[in-house]
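These notes are about the structure you will find just below.
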């Protein structure tokens, strides 16, 4: 039996807190996704993205304050932050667009292909070596994506193509985050991402403005706060527990998307989507397992969580 001074109970508490933080993050991301789909029929993608980022400034400012305040904004990698924001914002807009074009759960499921793109792109962009095991996992994952999108006569729906493009853009954002993570604190990256995305999306708003109703404005606030707070809880989760433990809980997001799609729009994913999701999750866990064996657990890239 461990003594009262044993670190084992404390370590277990940290892992539990990390898992709880990840589950909270997934719920918040699901709220953000569902609200963005609710708004998509009445407002432009530029306006939705703008308000998502404006209200996310509040949680980002709180994270920055906790990390040391304005001095945490000091950086020598402004170009890196700008690139990460551009590809992250592109992914965000494409994902919101896909919600307008297809079932919420289907779009979210396809977005979980991002780690597969990340593995493939890590060779030319990061100079990493990808062995047969990881390439096999990528191949399995893309089979799962094909099962989800189910090309009919070789033709993939517009919504599926947009969701795949969102996953590719998010993979580029994750590569940028890997590169920034070598020198930048998480709060610094989040702050620059949110500020730059607010400014960039704001440039397009005058050309696509539609004055929100009070109810819509409230939904936009919920969307932005949920998205911003989810970044805090994801960051906290990976600070408390190893990625090998936390990563698989990211897939709870698919269950949340299915639930919201059913409750709000009566959407019921078909059997082929469920099979494809299971294959994508399997491939993601294969990559996660391999990465855990190859490098320290806290350096393992997480499955996509749609935190954009």
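Being within 14 Å of the chain's Cα centre (by Cα) and on the phi < 0 side of the Ramachandran plot holds for only one residue in 65, 90, 119, 75, and it is 90.
For residue 185, the requirement of being modelled with pLDDT of 90 or more and in contact with a helix residue (DSSP H, G or I) (Cβ under 7 Å, 6 or more places away or on another chain) is not met.
Regarding the stretch 152-163, can at least one residue be identified that is assigned to a strand (DSSP E or B), surrounded by fewer than 21 Cβ atoms within 10 Å (Cβ to Cβ) and without any contact (Cβ under 8 Å) to a residue 24 or more places away in the chain? Don't jump to the end; show me each part of the working.
Within the stretch 152-163, the subset assigned to a strand (DSSP E or B) is 152, 155.
Cutting the leftovers down to surrounded by fewer than 21 Cβ atoms within 10 Å (Cβ to Cβ) gives us 152, 155.
When the remaining residues are screened for being without any contact (Cβ under 8 Å) to a residue 24 or more places away in the chain, the result is 152, 155.
Yes, because at least one residue in the stretch 152-163 is assigned to a strand (DSSP E or B), surrounded by fewer than 21 Cβ atoms within 10 Å (Cβ to Cβ) and without any contact (Cβ under 8 Å) to a residue 24 or more places away in the chain.
Do we find that residue 206 is over 17 Å from the mean Cα position of the chain (by Cα), within 28 Å of residue 126 (Cα to Cα) and surrounded by fewer than 21 Cβ atoms within 10 Å (Cβ to Cβ) in this structure? In short, no. Output the residue which, of all residues in the stretch 124-136 that are under 18 Å from residue 182 (Cα atoms) and in a helix (DSSP H, G or I), is modelled with the highest pLDDT. So the residue we want is 125. Considering the conditions (1) crowded, with 22+ Cβ neighbours inside 10 Å; (2) farther than 20 Å from residue 176 by Cα, residue 62 is excluded by exactly one of them, (1). Note on the stretch 64-106: residues that are in contact with a helix residue (DSSP H, G or I) (Cβ under 6 Å, 6 or more places away or on another chain), within 17 Å of residue 45 (Cα to Cα) and part of a helix (DSSP H, G or I) total 17.
Looking across the stretch 244-267 at every residue that is at pLDDT 85 or above and farther than 16 Å from residue 111 by Cα, the one that is surrounded by the fewest Cβ atoms within 10 Å (Cβ to Cβ) is identified as 266.
Suppose the filter is touching a residue at least 60 places away in the same chain (Cβ under 8 Å) and not in a helix (DSSP H, G or I); does residue 119 pass it? No, not satisfied. Would you mind stating whether residue 223 is modelled with pLDDT under 85 and in contact with a helix residue (DSSP H, G or I) (Cβ under 8 Å, 6 or more places away or on another chain)? So residue 223 fails the test.
Put simply, of 176, 239 the only residue that is at pLDDT below 85, farther than 19 Å from residue 99 by Cβ and in a helix (DSSP H, G or I) is 239.
Put simply, of 96, 117 the only residue that is modelled with pLDDT of 85 or more and more than 20 Å from residue 227 (Cα to Cα) is 117. Scanning the stretch 196-214 finds no residues that are under 14 Å from residue 106 (Cα atoms), part of a helix (DSSP H, G or I) and in contact (Cβ under 8 Å) with a residue 60 or more places away in the chain.
Annotation note: Cβ proximity below 9 Å between a residue of the stretch 40-65 that is free of Cβ contacts under 8 Å to residues at least 12 places away in the same chain and a residue that is surrounded by fewer than 19 Cβ atoms within 10 Å (Cβ to Cβ) and assigned to a helix (DSSP H, G or I) (sequence gap 6+ or interchain) occurs for 65/72. Just wondering, is there one or more residues in the stretch 44-60 that are assigned to a loop (DSSP other than H, G, I, E, B), at pLDDT 90 or above and at negative phi? For the stretch 44-60, residues assigned to a loop (DSSP other than H, G, I, E, B), at pLDDT 90 or above and at negative phi: present.
The values are calculated or read from the model by the stated rules, or taken from the named source; none is laboratory data. Keep in mind the model is a prediction, meaning the values are calculated, not measured. We place every Cβ from the backbone using ideal geometry, glycine too, and count neighbours over all the protein chains shown.
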